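What follows is a set of notes on a single structure, which appears directly below.
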Amino acid sequence: MEKEELLREIERLLSFDGKETTINPDYLEYFSMEELESIRRELERKYEKMVEDNLEWLQKFKTDSAPE
């Protein structure tokens, strides 16, 4: 994977809430591939955690709202 691809992945992960995020590609010269991959992995972990938390909340909401 090239730096530009990693940058697009990072932008996508940062835009999860519908607010488009763009990063100036000129910044790529300041980051190594390893740093960019680390950023991407960390954002993926945070995204997955957020999804899990939202699913747990939804399940709890469904259970609490279910008619008895």
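Every read-out reported here was derived from the displayed coordinates using simple, explicitly stated rules and does not represent laboratory data. As the structure is a prediction and not an experimental result, all values here were calculated from the model. Here Cβ is always computed from backbone atoms with ideal geometry, including for glycine, and neighbour counts include all displayed protein chains.
Any idea which residue in region 16-52 is surrounded by the fewest Cβ atoms within 10 Å (Cβ to Cβ), counting only those that are among the hydroxyl-bearing types (S, T, Y) and over 16 Å from K3 (Cβ atoms)?
Taking region 16-52 and keeping what is among the hydroxyl-bearing types (S, T, Y), we get 21-22, 27, 30, 32, 38, 47.
Narrowing further to those that are over 16 Å from K3 (Cβ atoms): 21, 47.
On the way: T21: 12, Y47: 14.
Among residues in region 16-52 that are among the hydroxyl-bearing types (S, T, Y) and over 16 Å from K3 (Cβ atoms), the one surrounded by the fewest Cβ atoms within 10 Å (Cβ to Cβ) is T21.
Could you check how many residues of region 1-37 are outside any loop (DSSP other than H, G, I, E, B), among the hydrophobic types (A, V, I, L, M, F, W, C) and more than 12 Å from the chain's Cα centre (by Cα)? Spell out the reasoning first.
In the first step, residues of region 1-37 are kept if they are outside any loop (DSSP other than H, G, I, E, B); the result is 3-14, 25-30, 33-37.
Then drop every residue that is not among the hydrophobic types (A, V, I, L, M, F, W, C), which leaves 6-7, 10, 13-14, 28, 33, 36.
Now narrow it down to the ones that are more than 12 Å from the chain's Cα centre (by Cα): 6-7, 28, 33, 36.
Within region 1-37, residues that are outside any loop (DSSP other than H, G, I, E, B), among the hydrophobic types (A, V, I, L, M, F, W, C) and more than 12 Å from the chain's Cα centre (by Cα) number 5.
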